[in-house]
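No value in this document is a laboratory result; all are computed from the given coordinates. Remember, predicted model here, so these are calculated numbers, not experimental data. Heads up, the Cβs are rebuilt from the backbone with ideal geometry, glycines too, and the neighbour counts pull from every protein chain shown.
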Amino acid sequence: MFLEILKFELKYRFTRPATWAYFGILLLFGFLLAANGANASSEKAFANSAVTVANLLMTVSIFGVLIASAVMGVPVYRDIEHGVQDYYFTYPVSEKGYLLGRYAGSLVTLLAISLGVVLGLMIGYSLGPLLEWEEPERFGPLRLADYVYGTTVYLWPNLIFTGTFFFCLVALTRKIFVSYVGSILFFIVYLVAGTLASDLENQSLVSLIDPFGLFGFQEVTKYLTPPEQNTFHAPLTGNLLINRLLWPGIALALLLFTLFRFEFVRFLGGKAEKVKKAVSGEFNRGAAAGAVPIPPVQQRFDGVSYVRHMFAQAWIEFKSILRDPYFAGIISGALLFLFFDGWFGSTIYGTPSLPTTYTMLEMKNETYIFFVLVILVFYTGEVVHRDRTVKFDQISDALPVPSWAIYGGKLMTMVLVTFLLVTMVWILGVFNQTVQGYFDYDFGQYFTDLYLLTWPQYLVLMSLAFFVHVLVNSKFLGHVVAIGTYAVVFFVPAILEIDYNMFLFGSRPGYLISDMNGFGHFVRSVSWFNVYWLAFGTVLLILSGLFWARGTDNAWKSRFQRFGQDWGLKPALGIAAALAVFALSGFTIYNNVSVKNTYTSNEESLDQQEAFEKSYRKYDGFLQPKITDTELFVDLVPEQRNVKARGLFRIKNKGATAIDTLLINHSYDQKTVIMSVFTIDGIAPELVQREEDFDFEIYHLADPLEPGESALMEMVVEGGFGAFPNEGYQRDIVFNGTFLNNSIFPGFGYPSGAGISSDLERKKRGLEIRDYDLPPQDDAQGRATLLFGDDSDFVTFRATVSTAPDQIAIAPGKLTKEYEKDGRRYFEYANEGKIQNFWNISSANYEVLEDVYRNTNGRDVKIQIFHHKNHDRNLDRFMASAKASLAYYARNFSPYQFDQLRILEFPRYATFAQSFPNTVPYAEDFGWTGDFRDPADNDYAFTVTAHEVAHQWWGHQIAPSATRGANQIAETMAEYSSLMVTKERYGEASMGKFLKYELDSYLRGRSGESKFEKTLLDNDTQAYVWYRKGGLIMYALSDYIGEDRLNAGFAAFLDSFALKEDPPFATTADWYGFIQSVTPDSMQYFLRESFAEITLYENRALSAVYAPTPEANGKYRVTLKVDTRKISYEGSGEEKARPTAPSLIEIGVFGPDGTNAQGLVEKQPLFLEKRWLTPGEHTIVVYVDALPEKAGIDPYNKLIDRVADDNLIPVVKE
Amino acid sequence: MELRIEHLNKTYGNGVKAINDCNLTIPRGMFGLLGPNGAGKSSLMRTIATLQEADSGSITLGDIDVLKDKDAVRRILGYLPQEFGVYPKVSAENMLDHVASLKGINQRAERKELVAALLHRVNLYDKRKSNLGTFSGGMKQRFGIAQALLGNPQLIIVDEPTAGLDPTERNRFHNLLSEIGENTIVILSTHIVEDVTNLCNDMAIICLGQVIAKGHPAELVREVNGSIWSKSIHKAELPAHLEAHRVISTQLKGGKTEIHVFSESQPDASFHAVNADLEDVYFTRIGERMELELV
């Protein structure tokens, strides 16, 4: 019986077009994904690396939930729907046989369908090198085992699990609807898992609960180096194994339950009752019924009543959508996502940010937008086909209502739906904020964003769905075509790398809302694009109105026959008007984007860089003068986003030969900022050549600058940001929160570090591969040049800055004068001592918090925090950090060199903090709106401030040379210093969590590396090395050799190099030398392995038991088995060697956790000792006095270890 | 006012010629449209009801060009399609009220009165608050009749209106229809010949998209009267009779097969004359056009 049903099911399925359609879609999808080489982070890992293949199959299994619900949800429901059940179940079929047969048949079908994607991937990756959509060398050999692994461990188990789930739900509830709700549920579990995963503490929980195994897989693969990614199959152990067994196990249990619960009678039950109830009315016959006369009535047919019908119909349809349980299902899914996205919000170092209004608004672009698209497609289909769906169309279409009123009513229904969708964001946003105890609702922000900027966008998206549905005129096919159209419209340009917004349906420049700058200058560009697309949408809508299907005969012939019949000329006028608006707005946009701004596609930009490098590379290192004195007169007009800056620079030829050629490279293009005055000692040099694409100019000096000779250079630059670009924030000058730096003036020489960096791209273009941007440490010219600017060594600095009357303008140095003139506010700054020619000009409507720190040299340092008026929650953190940092650095390193320290906020168009001389601009999103209420969260505002303040020493006292590795002197040292200040403030217990993020960033960074990983001594480009590895290594080093000892070395380093005005400037060789000098011989191996090489540990606690002991040296004997390995890597990520010499590694035994003074959970060591261990297994016996709870190796994760969680395990009784 | 159809043609995309040079004039009163399945009745009615286009030819209703000025037709049209559905979650009363408003009855009170009256006339008044989704087939059909009669229609087209009605309701409907048919054009499409006999002053038979007979039912019957002969035969004898005579219909009666034969004179003594009825007309005319499957 089972076999018969199974065979029938399979035969039925394999003749169904839907089965082949799903298969075909997956095949195509897989092929496109593969041939494009999408989804690999490092250029050095193959596009078809084992990890990528498994990842893709897993991802497909997530979206495959939709197919699983379609395939597995219907087999039993089909019998109800087609009314087959009335006789089918009268056949001699056993319930279990029926159910299992249907189940097995559908499941086999589902698994067969899923092979489409496997096949698609294999074809795509095989053809990839021939198609050349991606560089051929990105594709590795086809490894069948990867596909077998991915399919059997992830794809199929996931589909079996989700499919079984859907099958059972429908069989138990006889409602297809629940299978839909079920698929939403999976997405939610997945989403929740994903959101939890952003907090590293939850890693292992997430690996367990994610139904698709994606996070578990990522947990074991995320730190693999590119060569490892090519071949790695995650072993089925630990969390991954449990996860892979857990969910299919749940499915099996559910299937068994269903098998025993299922009864034909119950399955048929519901409907029979309904029918009975309906028939009862038949017996109610009024004998006198025929006698009632039909009264005469007045009929009116005019525009007014038609418009009324239109509104009435829209309202009726809208209400019926609201009552639709499927709509309720989708919208609650959408709202759940909106809520969760907003609830978890954004985190930095695991610390949540406040649920500001703009955060709530941005959540609509996360997952919600997909629901919006789904709703638009499906409900447009519903609305367009409503009468036809219930077969009322023959009646309604013959009613005396003009088509425009019907069409208008349907359209308005969807307008109402879009209105509902935007309004939901508002309601959910406010709800979310309230639940999180945040009451600073910005209703104006909600209104502007949702109704003025977002609603038009949804309307535009809707117009396309409407157009497709009307033209296709078949609901199901319409859905498919509409989704297909969206996919084409959104994904094809991405594949073709088209990013010109005017060509991308419904798209517009990205914008950000900021507390400081509000909607800033974005409303104009977004609105123009909205007008442009709305006009386009209007054309679509009028066209679809003209082709509106009415009656029973909607062959294209008949539709053309009707075209214009009931409309006349009006639509033509409408289309003409819409086209006119489209053209006009298009012209305005084009004028802004491509005429007043320069639009360069990615490919064009690469071409330009290639051409520039080929022509001008010869000028790299070309002798140019150095600035010795800088005096600025900067007039900011934030109201108009303009600036006029005059710079008086004293320049000097510090070289050995005369200079008669000046190479000028501009940071801004000519359309933004022009240089209107350029003189040397009052004489304008002659322009010899101008490279437009690269804003590079060559000037000739009639009177060459002899060696040692000085001259006065004057530059006036003016311009600003009037027109909006295709993309980009143009954040330099904004209404409130201007942030300019020295690049407002052009620089000298060939821009070092310019050009294409990708190895693949360089190879393709015949450029030699450049391993390093900077010369080696012993390069004389490199040592004579400063890393943060080759145009000058140390300079004197004065600046006069004017700005809007309600703003404060800030530049480095002591404020010497402040006054108002001609309605502008002026500030004069003069820096005490010399600085690098590396400065910022900032201006905003600030409130100021001031405090004083007494410097170790006896002078007062004025600490000022310039902040947005509502951003006062975390000021004490910034201030406390500034003070603690100044104190720690002065105590351990050297005195602070300035009389003031300014921390200032700038809008969130970028997320970073930067340290200029005595000035630290700090992005709005980076601390000011952080939510630090939970003391267990990382106080990154404190740590980052400490980092930036540390740069006053590491970067500004010691200015690194322009040689390989020198940036470690700035960044690694600042990171180290900030860790020490944070440790001093929050205690050792707080460091673990922060270091975990450092470790995670480092390991992720190296696994995505596209060139090769560099070392702390020669790294010139890799941020994950200089911040993350640097921080980890220095933290461990301070622990191993002692903080004071290490700091003494750094103090000596400062002694030799601080504020050194003349070359040679500091290199990593100098830095490393001072570190070596304070490190005992026994630990030199650690320096070598950490600074000059790449070394990772694999430490693991294997077992730990304790036994009470009568022996004298402790109450408990703990026997700990550990395993330690050390691997050194090539930069490429290949394993180089496994050193066998012993290393000093900490062993610890701990009691129950305690809390420290700050209320943080703290490990309580009963025994802690560093031991020399050779790689391999060790059994260590120690004695402790209190009952041990945990024990392990390197328990504080001081060493770099890809699996940090297995270092510590519970101690059990022997 | 009369409805005039001239040289109307319609061929569907799949090549089926649904209406083939159809000419028909339909005066006020009840007009019956007879024809076998697939004859083109529904196509013709849908074309008149503005639901589909014609390839050529014209339809005029008084001064109205039906093919062009659809709105004008819809204002005076009452249409009951052969198959239709309803909104399951809406009550009969609300739905009728909504349709009435779409038919231009703007006064709420008028609408209410009219809807109530019609609900009484189709005997759904007691069920007016029930959702349409709970209606049985017959009740749904009565609802369909009620909506077609909303708003003083001058042209009423009803396609198989009595399908699914029990005898009582069918009678009730016939009464209602003939009452209305006194001063409007009512086109009744059916294959129940008896209905046409009882109700219609005028009728047409359509086959393969063409009008093959038209006139007063009695008139049409008179034309064949005297040419219809009947004989009771054994089933096995049928092929021989089909061979020898123009058999227009067969019917089982008391275990034997009764055949009707069209012939100017008595074929042989075994046949006896019958009083022709409309059914004989129908079968005679249809048989002239197409092979009837009589076996």
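Here are some notes:
- Förster-model FRET efficiency, 45 Å R0, A:A936 and A:N741, C-beta, rounded to 0.05: 0.75
- Lysine pairs with alpha-carbon atoms under 21 Å apart, the stretch B:21-125, spacing 8 or more or separate chains: 6
- Under the combined filter of DSSP loop state and at most 11 neighbouring Cβ atoms within 10 Å, the stretch A:894-940 retains these trypsin sites (Lys or Arg not before Pro): A:R933.
- Between the beta carbons of A:V848 and A:D1153, assuming R0 = 51 Å, the FRET efficiency works out to 0.75 to the nearest 0.05.
- Checking every one of the trypsin sites (Lys or Arg not before Pro) in the stretch A:339-416 against DSSP loop status and a limit of 13 other Cβ atoms within 10 Å picks out A:K391.
- Compared with the dominant Cα axis of chain B, that is its longest principal axis, helix B:167-180 is turned about 70°.
- Bridge type composition, chain B - antiparallel percent by DSSP, nearest 5: 65
- Shape analysis of the stretch A:1126-1214 yields a ratio of the Cα radius of gyration to the Kirkwood radius, Rg/Rh, of 1.04.
- Using 0.36 nm per residue and subtracting the Cα-Cα separation, the extra length available between A:N642 and A:Y772 on full extension is 43.0 nm.
- Simple label model, 7 Å out from Cα along Cβ direction - A:S332 to A:E692, nm: 6.2
- Lys/Arg +1, Asp/Glu -1 at C-beta; chain A dipole; positive extreme among A:T588, A:T628, A:L687: A:T588
- Candidate aspartates and glutamates - alpha carbon under 14 Å from A:K557, same-chain residues fewer than 8 apart omitted: B:E53, B:D55
- Kyte-Doolittle mean at least -0.5, axial Cα span of 27 Å or more - DSSP H helices of chain A: A:50-81, A:95-131, A:176-197, A:238-261, A:303-323, A:325-344, A:403-435, A:475-495, A:522-546, A:570-590
- At q = 0.13, 0.20, 0.22, 0.23 Å⁻¹, base-10 log of I(q)/I(0) for the stretch B:222-289 (Debye sum, equal scatterers on each alpha carbon): -0.31, -0.76, -0.92, -1.00
- Evaluated over the stretch A:1093-1214, the count of Lys pairs having alpha-carbon atoms less than 29 Å apart is 27 (only pairs 8 or more residues apart or interchain).
- All Cα pairs of the stretch B:3-215, percent lying beyond 25 Å: 37
- The overall shape of the stretch A:519-648 is prolate: from the C-alpha gyration tensor, with semi-axes ordered a ≥ b ≥ c, the ratio a/c is 1.5 or greater and a/b exceeds b/c.
- Computed from the alpha carbon atoms alone, the convex hull of the stretch A:2-269 holds 125 Å³ per residue.
- Listed residue (A:S1007, A:N1113, A:S1143) projecting farthest to the positive dipole end of the stretch A:1003-1157, Cβ model: A:N1113
- Full-stretch length increase - A:E95, A:A1069 - with 0.36 nm per residue and alpha-carbon distance subtracted: 342.6 nm
- Reachable aspartates and glutamates from B:K127, criterion Cα separation under 14 angstrom, eight or more residues apart if same chain: A:E282, B:E93
- Between the stretch A:570-633 and the stretch B:50-123, the alpha-carbon center distance in angstrom: 61
- Using a simple spin-label model with pseudo-atoms 7 Å out from Cα toward Cβ, A:D499 and A:L241 lie 4.5 nm apart.
- What you get for the stretch A:1093-1214, charging only the Cβ of Lys and Arg (+1) and of Asp and Glu (-1), is a dipole of about 240 debye around the Cα centre.
- Beta bridge orientation in the protein assembly as shown: antiparallel %, DSSP, nearest 5: 80
- Given charges at Cβ of Lys, Arg, Asp, Glu: the stretch A:2-269 dipole, positive-most of A:V117, A:L33, A:P157: A:P157
- Stokes-Einstein diffusion coefficient of the stretch A:1026-1121, Kirkwood radius over Cα pairs, 20 °C, 1.002 mPa s, in µm²/s: 129
- Dipole magnitude for the stretch A:303-595: about 1040 debye, using +1 per Lys or Arg Cβ and -1 per Asp or Glu Cβ, origin at the Cα centre.
- Percent of C-alpha pairs per 5 Å bin in the stretch A:1171-1214, short distances first: 5, 16, 26, 28, 16, 8, 1.
- Spread of Cα-to-Cα distances over 20 Å intervals beginning at zero, given as percent, for the protein assembly as shown: 8, 26, 30, 19, 12, 5, 1, 0
- Here the Kirkwood formula, the inverse mean of 1/r across different C-alpha pairs, assigns the stretch A:303-595 a hydrodynamic radius of 20.6 Å.
- Given charges at beta-carbon only (K, R positive; D, E negative), |dipole| of the stretch A:2-269 in Debye: 820
- Residues with amide H under 5 Å from that of A:K814, placed H, sequence gap 5 or more: A:A830, A:N831, A:E832
- A simple spin-label model places pseudo-atoms 7 Å from Cα toward Cβ; at A:N202 and B:E83 they are separated by 5.3 nm.
- Efficiency of FRET from Cβ geometry, B:K253 and A:Y12, R₀ 60 Å, rounded to 0.05: 0.85
- Applying a DSSP loop filter and a limit of 16 other Cβ atoms within 10 Å to the trypsin sites (Lys or Arg not before Pro) in the stretch A:102-199 leaves A:K175.
- Backbone N atoms of the stretch A:1169-1200 closer than 17 Å to the 7 Å Cα→Cβ label point of A:E1111 belong to residues A:1169, A:1179-1188.
- Folded to 0 to 90 degrees: helix B:108-121 orientation relative to chain B principal axis, Cα: 30
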